[in-house]
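A short write-up of the structure that comes next.
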Amino acid sequence: MAAGVARARGTIAAMTTEATGTAARDGEPRRGGPADSPFVRACRREPGPHTPVWFMRQAGRSLPEYREIRANVPMLESCRRPELVTEITLQPVRRHGVDAAILFSDIVVPVAAAGIDLDIVPGTGPVVAEPVRTAADVERINPIGRDDVSYVDEAVRLLVAELGDTPLIGFAGAPFTLASYLVEGGPSRTHAKTKALMYGDPELWHALCARLAEVTLAFLRVQVDAGVSAVQLFDSWAGALSEADYRRYVLPHSAHVLAGLAGAGVPRIHFGVGTAELLGAMGEAGADVVGVDWRTPLDVATRRIGPDKAVQGNLDPAVLLAPWPVVEAAVRRILGEGRAAPGHVFNLGHGVLPETDPEVLTRVVALVHELSARPAA
Ligand code: CP3
(Lines give C-alpha, C1' and ligand atoms only; values in the text may rest on other atoms or scores of the structure.)
Protein backbone atom coordinates (compact mmCIF):
# COMPACT_ATOMS: atom_id res chain seq x y z
CA MET A 1 0.00 0.00 0.00
CA ALA A 2 1.31 3.46 -0.85
CA ALA A 3 2.38 5.53 2.16
CA GLY A 4 0.03 8.34 1.11
CA VAL A 5 -2.92 5.98 1.05
CA ALA A 6 -2.06 4.65 4.50
CA ARG A 7 -1.90 8.21 5.81
CA ALA A 8 -5.21 9.01 4.18
CA ARG A 9 -7.05 6.35 6.11
CA GLY A 10 -6.85 8.14 9.44
CA THR A 11 -7.68 11.50 7.91
CA ILE A 12 -10.67 10.21 6.02
CA ALA A 13 -12.00 8.30 9.00
CA ALA A 14 -11.67 11.42 11.16
CA MET A 15 -13.35 13.64 8.57
CA THR A 16 -16.18 11.21 8.08
CA THR A 17 -16.83 10.87 11.77
CA GLU A 18 -16.95 14.63 12.13
CA ALA A 19 -19.12 15.12 9.07
CA THR A 20 -21.77 12.48 9.63
CA GLY A 21 -21.69 11.70 13.30
CA THR A 22 -22.65 8.14 12.37
CA ALA A 23 -19.29 6.36 12.35
CA ALA A 24 -18.77 3.78 15.03
CA ARG A 25 -17.04 4.82 18.23
CA ASP A 26 -15.15 2.18 20.18
CA GLY A 27 -17.55 -0.19 21.86
CA GLU A 28 -20.68 1.27 20.26
CA PRO A 29 -22.73 -0.59 17.68
CA ARG A 30 -21.94 0.51 14.17
CA ARG A 31 -24.53 2.52 12.30
CA GLY A 32 -23.69 4.27 9.11
CA GLY A 33 -21.29 3.15 6.45
CA PRO A 34 -21.40 4.68 2.97
CA ALA A 35 -25.07 3.72 2.44
CA ASP A 36 -25.98 6.01 5.35
CA SER A 37 -23.68 8.87 4.28
CA PRO A 38 -25.01 12.39 3.61
CA PHE A 39 -24.31 11.86 -0.12
CA VAL A 40 -26.28 8.63 -0.51
CA ARG A 41 -29.06 9.96 1.74
CA ALA A 42 -29.45 13.06 -0.44
CA CYS A 43 -29.53 10.87 -3.58
CA ARG A 44 -32.36 8.92 -1.94
CA ARG A 45 -34.15 12.14 -0.98
CA GLU A 46 -33.69 11.40 2.71
CA PRO A 47 -32.75 14.11 5.20
CA GLY A 48 -29.13 14.29 6.32
CA PRO A 49 -26.86 16.38 8.53
CA HIS A 50 -25.84 18.71 5.68
CA THR A 51 -25.97 19.10 1.91
CA PRO A 52 -23.28 16.80 0.50
CA VAL A 53 -20.75 18.15 -1.98
CA TRP A 54 -18.29 16.67 -4.47
CA PHE A 55 -16.89 17.98 -7.75
CA MET A 56 -16.91 16.44 -11.20
CA ARG A 57 -13.26 16.07 -12.25
CA GLN A 58 -12.17 16.59 -8.65
CA ALA A 59 -9.40 14.05 -9.27
CA GLY A 60 -7.31 15.74 -11.86
CA ARG A 61 -5.26 18.48 -13.19
CA SER A 62 -6.01 21.23 -10.67
CA LEU A 63 -4.11 19.32 -7.96
CA PRO A 64 -0.29 19.58 -7.83
CA GLU A 65 -0.11 16.16 -6.13
CA TYR A 66 -2.01 14.74 -9.13
CA ARG A 67 0.34 16.31 -11.65
CA GLU A 68 3.30 14.97 -9.71
CA ILE A 69 2.06 11.39 -9.53
CA ARG A 70 0.91 11.41 -13.18
CA ALA A 71 4.20 12.77 -14.54
CA ASN A 72 5.49 10.31 -17.18
CA VAL A 73 2.48 7.97 -16.88
CA PRO A 74 0.11 8.23 -19.89
CA MET A 75 -3.57 8.72 -18.97
CA LEU A 76 -4.90 5.32 -20.11
CA GLU A 77 -1.96 3.53 -18.52
CA SER A 78 -2.64 5.31 -15.21
CA CYS A 79 -6.27 4.11 -15.32
CA ARG A 80 -4.99 0.52 -15.50
CA ARG A 81 -2.82 0.65 -12.38
CA PRO A 82 -5.01 -0.03 -9.32
CA GLU A 83 -2.56 1.42 -6.78
CA LEU A 84 -2.25 4.62 -8.79
CA VAL A 85 -6.02 4.83 -9.34
CA THR A 86 -6.51 4.43 -5.60
CA GLU A 87 -4.06 7.18 -4.71
CA ILE A 88 -5.43 9.66 -7.30
CA THR A 89 -9.03 8.96 -6.25
CA LEU A 90 -8.17 9.62 -2.61
CA GLN A 91 -6.27 12.86 -3.23
CA PRO A 92 -9.30 15.20 -3.43
CA VAL A 93 -11.06 13.44 -0.53
CA ARG A 94 -8.03 13.96 1.64
CA ARG A 95 -7.47 17.54 0.56
CA HIS A 96 -11.00 18.97 0.34
CA GLY A 97 -13.08 16.79 2.65
CA VAL A 98 -15.66 16.18 -0.09
CA ASP A 99 -18.60 13.90 0.74
CA ALA A 100 -17.84 11.38 -2.00
CA ALA A 101 -14.91 10.06 -4.00
CA ILE A 102 -15.22 9.43 -7.74
CA LEU A 103 -13.23 6.62 -9.26
CA PHE A 104 -10.27 7.85 -11.28
CA SER A 105 -10.83 6.46 -14.76
CA ASP A 106 -12.23 7.71 -18.06
CA ILE A 107 -15.33 7.13 -20.14
CA VAL A 108 -13.24 5.56 -22.93
CA VAL A 109 -11.57 2.95 -20.67
CA PRO A 110 -14.28 0.29 -21.30
CA VAL A 111 -14.32 1.11 -25.02
CA ALA A 112 -10.60 0.42 -25.21
CA ALA A 113 -11.21 -2.80 -23.26
CA ALA A 114 -13.84 -3.68 -25.89
CA GLY A 115 -11.11 -3.69 -28.54
CA ILE A 116 -11.23 -0.17 -30.00
CA ASP A 117 -7.78 1.30 -30.63
CA LEU A 118 -7.76 4.73 -28.97
CA ASP A 119 -5.67 7.05 -26.87
CA ILE A 120 -6.29 9.98 -24.54
CA VAL A 121 -4.21 12.86 -25.83
CA PRO A 122 -3.27 15.53 -23.26
CA GLY A 123 -5.09 18.80 -23.94
CA THR A 124 -7.32 17.15 -26.58
CA GLY A 125 -9.11 14.16 -25.09
CA PRO A 126 -9.95 10.76 -26.57
CA VAL A 127 -8.70 10.11 -30.11
CA VAL A 128 -9.82 6.97 -31.98
CA ALA A 129 -7.41 5.38 -34.50
CA GLU A 130 -10.12 4.11 -36.87
CA PRO A 131 -13.46 5.89 -36.43
CA VAL A 132 -16.59 3.71 -36.32
CA ARG A 133 -18.85 4.41 -39.32
CA THR A 134 -19.96 1.08 -40.84
CA ALA A 135 -21.70 -2.11 -39.72
CA ALA A 136 -18.33 -3.88 -39.84
CA ASP A 137 -16.90 -1.20 -37.55
CA VAL A 138 -19.71 -1.75 -35.06
CA GLU A 139 -18.87 -5.47 -35.05
CA ARG A 140 -15.39 -4.54 -33.80
CA ILE A 141 -16.87 -3.43 -30.47
CA ASN A 142 -16.67 -6.60 -28.37
CA PRO A 143 -18.69 -7.34 -25.24
CA ILE A 144 -16.68 -6.90 -22.04
CA GLY A 145 -16.71 -8.66 -18.68
CA ARG A 146 -14.88 -8.35 -15.40
CA ASP A 147 -11.71 -9.97 -16.70
CA ASP A 148 -11.37 -7.30 -19.39
CA VAL A 149 -11.33 -4.55 -16.75
CA SER A 150 -9.93 -6.46 -13.78
CA TYR A 151 -7.85 -3.38 -12.86
CA VAL A 152 -11.09 -1.47 -12.24
CA ASP A 153 -12.50 -4.26 -10.10
CA GLU A 154 -9.28 -4.28 -8.08
CA ALA A 155 -9.09 -0.49 -7.73
CA VAL A 156 -12.69 -0.27 -6.50
CA ARG A 157 -12.07 -2.98 -3.89
CA LEU A 158 -8.92 -1.22 -2.67
CA LEU A 159 -10.77 2.08 -2.51
CA VAL A 160 -13.81 0.77 -0.68
CA ALA A 161 -11.47 -0.62 1.98
CA GLU A 162 -9.61 2.69 2.27
CA LEU A 163 -12.61 5.00 2.21
CA GLY A 164 -14.51 3.60 5.18
CA ASP A 165 -17.77 5.57 5.51
CA THR A 166 -17.03 7.84 2.54
CA PRO A 167 -18.96 6.66 -0.53
CA LEU A 168 -17.24 5.89 -3.84
CA ILE A 169 -19.02 6.90 -7.06
CA GLY A 170 -18.53 4.67 -10.08
CA PHE A 171 -19.19 6.02 -13.57
CA ALA A 172 -19.40 5.37 -17.27
CA GLY A 173 -20.08 7.29 -20.46
CA ALA A 174 -23.58 7.07 -21.92
CA PRO A 175 -24.06 5.59 -25.40
CA PHE A 176 -24.53 8.95 -27.19
CA THR A 177 -21.40 10.57 -25.77
CA LEU A 178 -19.31 7.44 -26.42
CA ALA A 179 -20.75 7.15 -29.94
CA SER A 180 -19.76 10.74 -30.61
CA TYR A 181 -16.09 10.05 -29.80
CA LEU A 182 -16.14 6.82 -31.85
CA VAL A 183 -17.85 8.26 -34.92
CA GLU A 184 -16.03 11.61 -34.96
CA GLY A 185 -12.69 9.99 -34.10
CA GLY A 186 -12.12 12.61 -31.41
CA PRO A 187 -13.72 15.59 -29.69
CA SER A 188 -16.19 17.58 -31.78
CA ARG A 189 -18.01 20.87 -31.30
CA THR A 190 -20.88 20.18 -33.72
CA HIS A 191 -21.10 16.35 -33.57
CA ALA A 192 -21.81 16.63 -37.31
CA LYS A 193 -20.59 13.16 -38.36
CA THR A 194 -22.42 11.60 -35.42
CA LYS A 195 -25.67 13.29 -36.38
CA ALA A 196 -25.16 12.45 -40.06
CA LEU A 197 -24.99 8.76 -39.11
CA MET A 198 -27.92 9.05 -36.69
CA TYR A 199 -30.24 10.72 -39.22
CA GLY A 200 -28.85 8.99 -42.31
CA ASP A 201 -28.73 5.38 -41.11
CA PRO A 202 -30.91 4.99 -38.01
CA GLU A 203 -30.58 1.20 -38.09
CA LEU A 204 -26.79 1.35 -37.89
CA TRP A 205 -27.04 4.10 -35.28
CA HIS A 206 -29.23 1.97 -33.04
CA ALA A 207 -26.95 -1.04 -33.54
CA LEU A 208 -23.96 1.07 -32.47
CA CYS A 209 -25.72 2.48 -29.41
CA ALA A 210 -27.05 -0.94 -28.42
CA ARG A 211 -23.49 -2.32 -28.41
CA LEU A 212 -22.19 0.64 -26.44
CA ALA A 213 -25.05 0.29 -23.95
CA GLU A 214 -23.97 -3.31 -23.26
CA VAL A 215 -20.34 -2.26 -22.78
CA THR A 216 -21.40 0.56 -20.44
CA LEU A 217 -23.74 -1.63 -18.45
CA ALA A 218 -21.09 -4.33 -18.05
CA PHE A 219 -18.53 -1.71 -16.94
CA LEU A 220 -20.93 -0.30 -14.35
CA ARG A 221 -21.85 -3.79 -13.09
CA VAL A 222 -18.18 -4.54 -12.45
CA GLN A 223 -17.97 -1.38 -10.35
CA VAL A 224 -21.20 -2.11 -8.47
CA ASP A 225 -20.15 -5.71 -7.77
CA ALA A 226 -16.82 -4.40 -6.43
CA GLY A 227 -18.63 -2.10 -4.01
CA VAL A 228 -19.27 1.43 -5.35
CA SER A 229 -22.05 3.26 -3.48
CA ALA A 230 -23.53 5.14 -6.47
CA VAL A 231 -23.04 5.39 -10.22
CA GLN A 232 -23.05 8.37 -12.55
CA LEU A 233 -23.87 8.04 -16.24
CA PHE A 234 -22.12 10.86 -18.12
CA ASP A 235 -23.97 11.90 -21.27
CA SER A 236 -21.85 15.02 -21.50
CA TRP A 237 -22.73 15.90 -25.10
CA ALA A 238 -26.45 14.96 -25.15
CA GLY A 239 -27.29 18.68 -25.04
CA ALA A 240 -26.38 18.81 -28.74
CA LEU A 241 -29.78 17.19 -29.47
CA SER A 242 -33.38 18.42 -29.49
CA GLU A 243 -35.69 16.74 -27.03
CA ALA A 244 -37.51 14.88 -29.83
CA ASP A 245 -34.25 13.49 -31.24
CA TYR A 246 -32.95 12.67 -27.77
CA ARG A 247 -36.10 10.67 -27.06
CA ARG A 248 -35.98 8.88 -30.39
CA TYR A 249 -32.27 8.13 -30.84
CA VAL A 250 -30.70 8.18 -27.40
CA LEU A 251 -33.10 7.71 -24.49
CA PRO A 252 -33.90 4.02 -25.15
CA HIS A 253 -30.20 3.13 -24.97
CA SER A 254 -29.45 5.13 -21.81
CA ALA A 255 -32.66 3.73 -20.31
CA HIS A 256 -31.38 0.21 -21.01
CA VAL A 257 -28.23 0.96 -19.02
CA LEU A 258 -30.07 2.57 -16.11
CA ALA A 259 -32.77 -0.13 -16.01
CA GLY A 260 -30.04 -2.75 -15.90
CA LEU A 261 -28.92 -1.26 -12.57
CA ALA A 262 -32.37 -0.68 -11.12
CA GLY A 263 -32.08 -3.61 -8.73
CA ALA A 264 -28.46 -2.96 -7.80
CA GLY A 265 -29.31 -0.98 -4.68
CA VAL A 266 -27.19 2.06 -5.57
CA PRO A 267 -28.45 5.51 -6.67
CA ARG A 268 -28.08 6.31 -10.36
CA ILE A 269 -27.07 9.85 -11.36
CA HIS A 270 -27.63 10.96 -14.96
CA PHE A 271 -25.72 14.03 -16.14
CA GLY A 272 -25.22 16.07 -19.29
CA VAL A 273 -24.23 19.60 -20.30
CA GLY A 274 -26.58 22.05 -22.04
CA THR A 275 -29.52 19.80 -21.24
CA ALA A 276 -32.09 22.37 -20.05
CA GLU A 277 -34.59 21.02 -22.61
CA LEU A 278 -33.75 17.39 -21.80
CA LEU A 279 -33.91 17.36 -18.00
CA GLY A 280 -37.34 15.72 -17.84
CA ALA A 281 -36.37 13.08 -20.41
CA MET A 282 -33.06 12.35 -18.70
CA GLY A 283 -34.93 11.73 -15.47
CA GLU A 284 -37.43 9.50 -17.27
CA ALA A 285 -34.53 7.46 -18.63
CA GLY A 286 -34.31 5.93 -15.17
CA ALA A 287 -32.24 8.18 -12.93
CA ASP A 288 -32.58 8.69 -9.20
CA VAL A 289 -30.64 11.96 -9.44
CA VAL A 290 -30.42 14.31 -12.42
CA GLY A 291 -27.25 16.36 -12.87
CA VAL A 292 -27.90 19.95 -13.93
CA ASP A 293 -25.41 22.34 -15.55
CA TRP A 294 -25.14 26.02 -14.52
CA ARG A 295 -27.57 27.31 -17.17
CA THR A 296 -30.73 26.15 -15.38
CA PRO A 297 -31.44 27.22 -11.77
CA LEU A 298 -32.08 24.16 -9.59
CA ASP A 299 -35.62 25.24 -8.67
CA VAL A 300 -36.52 25.53 -12.37
CA ALA A 301 -34.76 22.21 -13.04
CA THR A 302 -36.77 20.56 -10.26
CA ARG A 303 -40.04 21.67 -11.87
CA ARG A 304 -38.91 20.06 -15.13
CA ILE A 305 -37.65 16.85 -13.52
CA GLY A 306 -40.51 16.31 -11.07
CA PRO A 307 -40.77 15.64 -7.34
CA ASP A 308 -39.52 12.04 -7.33
CA LYS A 309 -35.87 12.70 -8.17
CA ALA A 310 -32.99 14.50 -6.49
CA VAL A 311 -30.83 17.02 -8.34
CA GLN A 312 -27.07 17.49 -8.50
CA GLY A 313 -25.26 20.72 -9.32
CA ASN A 314 -24.75 23.41 -10.40
CA LEU A 315 -22.04 26.01 -9.79
CA ASP A 316 -20.48 27.31 -13.00
CA PRO A 317 -16.88 26.00 -12.78
CA ALA A 318 -15.65 29.35 -14.13
CA VAL A 319 -17.08 31.15 -11.08
CA LEU A 320 -14.33 29.44 -9.04
CA LEU A 321 -11.84 31.67 -10.89
CA ALA A 322 -13.57 34.84 -9.55
CA PRO A 323 -12.87 36.61 -6.20
CA TRP A 324 -14.16 34.76 -3.11
CA PRO A 325 -17.21 37.02 -2.44
CA VAL A 326 -18.51 36.14 -5.91
CA VAL A 327 -18.01 32.43 -5.20
CA GLU A 328 -19.71 32.72 -1.82
CA ALA A 329 -22.75 34.51 -3.23
CA ALA A 330 -23.12 31.85 -5.93
CA VAL A 331 -22.88 29.01 -3.39
CA ARG A 332 -25.56 30.67 -1.22
CA ARG A 333 -27.86 31.15 -4.21
CA ILE A 334 -27.46 27.53 -5.34
CA LEU A 335 -28.14 26.13 -1.85
CA GLY A 336 -31.29 28.28 -1.75
CA GLU A 337 -32.49 27.12 -5.17
CA GLY A 338 -31.62 23.51 -4.26
CA ARG A 339 -34.08 23.63 -1.36
CA ALA A 340 -36.87 23.38 -3.95
CA ALA A 341 -35.66 19.85 -4.77
CA PRO A 342 -36.51 16.77 -2.71
CA GLY A 343 -32.77 16.05 -2.49
CA HIS A 344 -29.72 18.13 -3.45
CA VAL A 345 -26.13 17.06 -4.02
CA PHE A 346 -23.97 20.16 -4.41
CA ASN A 347 -21.58 19.98 -7.38
CA LEU A 348 -20.32 22.05 -10.27
CA GLY A 349 -22.32 22.37 -13.48
CA HIS A 350 -19.45 20.58 -15.30
CA GLY A 351 -15.89 19.51 -14.45
CA VAL A 352 -13.28 21.44 -12.47
CA LEU A 353 -11.21 23.63 -14.81
CA PRO A 354 -7.48 22.82 -14.69
CA GLU A 355 -6.55 26.40 -13.69
CA THR A 356 -8.77 26.31 -10.55
CA ASP A 357 -7.03 27.12 -7.26
CA PRO A 358 -7.51 23.95 -5.15
CA GLU A 359 -7.86 26.07 -2.01
CA VAL A 360 -11.04 27.60 -3.40
CA LEU A 361 -12.51 24.10 -3.78
CA THR A 362 -11.66 23.34 -0.15
CA ARG A 363 -13.34 26.58 0.95
CA VAL A 364 -16.46 25.76 -1.08
CA VAL A 365 -16.78 22.39 0.65
CA ALA A 366 -16.50 24.03 4.09
CA LEU A 367 -18.99 26.74 3.12
CA VAL A 368 -21.58 24.28 1.77
CA HIS A 369 -21.30 22.23 4.97
CA GLU A 370 -21.54 25.29 7.20
CA LEU A 371 -24.49 26.92 5.42
CA SER A 372 -26.49 23.69 5.10
CA ALA A 373 -25.84 22.19 8.56
CA ARG A 374 -29.07 20.86 10.05
CA PRO A 375 -29.48 19.98 13.71
CA ALA A 376 -29.63 16.25 14.42
CA ALA A 377 -33.22 14.94 14.29
O1 CP3 B 1 -14.25 13.28 -12.10
C2 CP3 B 1 -13.16 12.76 -11.80
O3 CP3 B 1 -12.30 13.33 -11.11
C4 CP3 B 1 -12.91 11.30 -12.17
C5 CP3 B 1 -12.14 11.11 -13.35
C6 CP3 B 1 -12.72 11.37 -14.73
C7 CP3 B 1 -11.87 11.60 -15.83
N8 CP3 B 1 -12.63 11.63 -16.96
C9 CP3 B 1 -10.41 11.71 -15.75
C10 CP3 B 1 -9.71 12.43 -16.82
C11 CP3 B 1 -14.02 11.35 -15.21
C12 CP3 B 1 -15.33 11.18 -14.44
C13 CP3 B 1 -13.95 11.51 -16.62
C14 CP3 B 1 -15.11 11.46 -17.50
C15 CP3 B 1 -14.99 11.95 -18.88
N16 CP3 B 1 -13.97 11.77 -19.78
C17 CP3 B 1 -16.03 12.63 -19.55
C18 CP3 B 1 -17.36 12.95 -18.95
C19 CP3 B 1 -17.24 14.11 -18.03
C20 CP3 B 1 -17.14 15.44 -18.73
O21 CP3 B 1 -16.15 16.12 -18.48
O22 CP3 B 1 -18.06 15.77 -19.47
C23 CP3 B 1 -15.59 12.92 -20.85
C24 CP3 B 1 -16.37 13.66 -21.92
C25 CP3 B 1 -14.29 12.36 -20.99
C26 CP3 B 1 -13.42 12.36 -22.18
C27 CP3 B 1 -12.16 13.08 -21.86
N28 CP3 B 1 -11.07 12.48 -21.25
C29 CP3 B 1 -11.87 14.47 -21.99
C30 CP3 B 1 -12.78 15.49 -22.62
C31 CP3 B 1 -10.59 14.68 -21.45
C32 CP3 B 1 -9.85 15.99 -21.26
C33 CP3 B 1 -8.89 16.27 -22.34
C34 CP3 B 1 -7.96 17.38 -21.91
O35 CP3 B 1 -6.80 17.07 -21.55
O36 CP3 B 1 -8.39 18.55 -21.92
C37 CP3 B 1 -10.12 13.42 -20.99
C38 CP3 B 1 -8.84 13.17 -20.30
C39 CP3 B 1 -8.98 13.08 -18.83
N40 CP3 B 1 -9.88 12.31 -18.18
C41 CP3 B 1 -8.16 13.73 -17.88
C42 CP3 B 1 -8.61 13.32 -16.62
C43 CP3 B 1 -8.04 13.67 -15.28
C44 CP3 B 1 -6.98 14.64 -18.19
C45 CP3 B 1 -5.82 13.74 -18.43
C46 CP3 B 1 -4.53 14.42 -18.17
O47 CP3 B 1 -4.24 14.68 -16.99
O48 CP3 B 1 -3.82 14.65 -19.16
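Within the range 63-81, restricting attention to residues that are free of Cβ contacts under 8 Å to residues at least 24 places away in the same chain and near the ligand (Cβ under 9 Å from one of its atoms), which residue is nearest to D153 (Cα to Cα)? Show your work before the answer.
Of the range 63-81, the ones free of Cβ contacts under 8 Å to residues at least 24 places away in the same chain are 67-73, 77.
If we keep only those that are near the ligand (Cβ under 9 Å from one of its atoms) too, we end up with 67, 70.
Working: R67: 24, R70: 21 Å.
Residue satisfying both the conditions and the ranking: R70.
Just one of the numbered conditions (1) at pLDDT below 95; (2) in a helix (DSSP H, G or I); (3) among the β-branched types (V, I, T) is not true of T22; which one?
So the condition that T22 fails would be (2).
Exactly one of these conditions fails for G32: (1) on the phi > 0 side of the Ramachandran plot; (2) at pLDDT 95 or above. Give me its number.
Of (1) on the phi > 0 side of the Ramachandran plot; (2) at pLDDT 95 or above, only one is false for G32: (2).
Contact list please: Cβ distance under 9 Å, first residue in the range 266-294 and on the phi > 0 side of the Ramachandran plot, second residue part of a strand (DSSP E or B), pairs at least six apart or on different chains.
G286/R268; G286/H270
What are the residues in the range 349-377 that are part of a loop (DSSP other than H, G, I, E, B), in contact (Cβ under 8 Å) with a residue 40 or more places away in the chain and not acidic (D, E), if any?
Hits for the range 349-377 are G349, H350, G351, V352, L353, P354, T356, A373, R374, A376, A377.
If we scan the range 137-146, do we find a residue that is within 16 Å of the ligand (Cβ to nearest atom), buried (at least 16 other Cβ atoms within 10 Å of the Cβ) and either under 19 Å from A192 (Cα atoms) or hydrophobic (A, V, I, L, M, F, W, C) (or both)?
no
Anything in the range 39-62 that is near the ligand (Cβ under 10 Å from one of its atoms) and over 14 Å from L348 (Cβ atoms)? List them, or say none.
Answer for the range 39-62, where residues must be near the ligand (Cβ under 10 Å from one of its atoms) and over 14 Å from L348 (Cβ atoms): just R61.
Among the residues of the range 252-271, what is the count of those that are assigned to a helix (DSSP H, G or I) and either of a type in the set (S, T, Y) or within 16 Å of the ligand (Cβ to nearest atom) (or both)?
2
Of all residues in the range 227-248, count the ones that are assigned to a helix (DSSP H, G or I) and surrounded by fewer than 22 Cβ atoms within 10 Å (Cβ to Cβ).
The qualifying residues number 6.
Residue by residue, here is whether (1) in contact (Cβ under 8 Å) with a residue 40 or more places away in the chain; (2) within 11 Å of the ligand (Cβ to nearest atom); (3) under 30 Å from R94 (Cβ atoms); (4) touching a Lys or Arg at 6+ places or on another chain (Cβ under 7 Å) holds:
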{"position": "L158", "(1), (2), (3), (4)": "yes, no, yes, no"}
{"position": "A161", "(1), (2), (3), (4)": "no, no, yes, no"}
{"position": "D165", "(1), (2), (3), (4)": "yes, no, yes, no"}
{"position": "A172", "(1), (2), (3), (4)": "yes, yes, yes, no"}
{"position": "Y181", "(1), (2), (3), (4)": "yes, yes, no, no"}
{"position": "G185", "(1), (2), (3), (4)": "yes, no, no, no"}
{"position": "R189", "(1), (2), (3), (4)": "no, no, no, no"}
{"position": "A192", "(1), (2), (3), (4)": "no, no, no, no"}
{"position": "K195", "(1), (2), (3), (4)": "yes, no, no, no"}
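Looking at I88, I102, I107, which is the one that is modelled with pLDDT of 95 or more, touching a Gly at 6+ places or on another chain (Cβ under 6 Å), surrounded by 19 or more Cβ atoms within 10 Å (Cβ to Cβ) and closer than 17 Å to F171 by Cα?
None of the other options fit; the residue is I107.
I'm checking my understanding of the structure. Among residues of the range 101-127 that are in a strand (DSSP E or B) and touching an Asp or Glu at 6+ places or on another chain (Cβ under 7 Å), which one is nearest to the ligand (Cβ to nearest atom)? Step through it out loud before you land on a result.
The first filter runs over the range 101-127 and keeps only residues in a strand (DSSP E or B), leaving 101-102, 118-121, 125-127.
Next, from what is left, pick out any that are touching an Asp or Glu at 6+ places or on another chain (Cβ under 7 Å): 120, 127.
Values: I120: 5, V127: 10 Å.
Among those that are in a strand (DSSP E or B) and touching an Asp or Glu at 6+ places or on another chain (Cβ under 7 Å), it is I120.
Just to check your reading of the model, which residue among V149, V85 is in a helix (DSSP H, G or I) and more than 11 Å from the ligand (Cβ to nearest atom)?
Values: V85 fails: more than 11 Å from the ligand (Cβ to nearest atom).
Selected residue: V149, the only one of V149, V85 that is in a helix (DSSP H, G or I) and more than 11 Å from the ligand (Cβ to nearest atom).
How many residues does the range 224-251 hold that are touching a residue at least 24 places away in the same chain (Cβ under 8 Å) and more than 12 Å from the ligand (Cβ to nearest atom)?
17
Consider the range 161-185. How many of its residues are assigned to a loop (DSSP other than H, G, I, E, B) and closer than 18 Å to S105 by Cα?
Number satisfying all stated conditions: 2.
Just checking, does the range 199-218 include any residue being in contact with a Ser or Thr (Cβ under 7 Å, 6 or more places away or on another chain), buried (at least 24 other Cβ atoms within 10 Å of the Cβ) and in a helix (DSSP H, G or I)? Walk me through it before giving the result.
Residues of the range 199-218 that are in contact with a Ser or Thr (Cβ under 7 Å, 6 or more places away or on another chain), as a first pass: none.
No - not one qualifying residue is present in the range 199-218.
Is there a residue being more than 22 Å from R57 (Cα to Cα), exposed (fewer than 15 other Cβ atoms within 10 Å of the Cβ) and small (G, A, S) anywhere in the range 337-344?
No, because not a single residue in the range 337-344 is more than 22 Å from R57 (Cα to Cα), exposed (fewer than 15 other Cβ atoms within 10 Å of the Cβ) and small (G, A, S).
Given the criterion buried (at least 16 other Cβ atoms within 10 Å of the Cβ) and in a strand (DSSP E or B), identify the matching residue among G274, G313.
Result of the check over G274, G313: G313.
Does the range 216-225 contain any residue that is under 23 Å from P131 (Cβ atoms), in contact with an Asp or Glu (Cβ under 8 Å, 6 or more places away or on another chain) and β-branched (V, I, T)?
No, every residue in the range 216-225 fails to be under 23 Å from P131 (Cβ atoms), in contact with an Asp or Glu (Cβ under 8 Å, 6 or more places away or on another chain) and β-branched (V, I, T).
Is it the case that the range 283-303 has a residue that's of a type in the set (S, T, Y) and within 15 Å of the ligand (Cβ to nearest atom)?
no
The values are calculated or read from the model by the stated rules, or taken from the named source; none is laboratory data. No experiment lies behind these values; they were computed from the predicted model shown. FYI the Cβ positions are ideal-geometry reconstructions off the backbone, even for glycines, and counts take in every protein chain you see.
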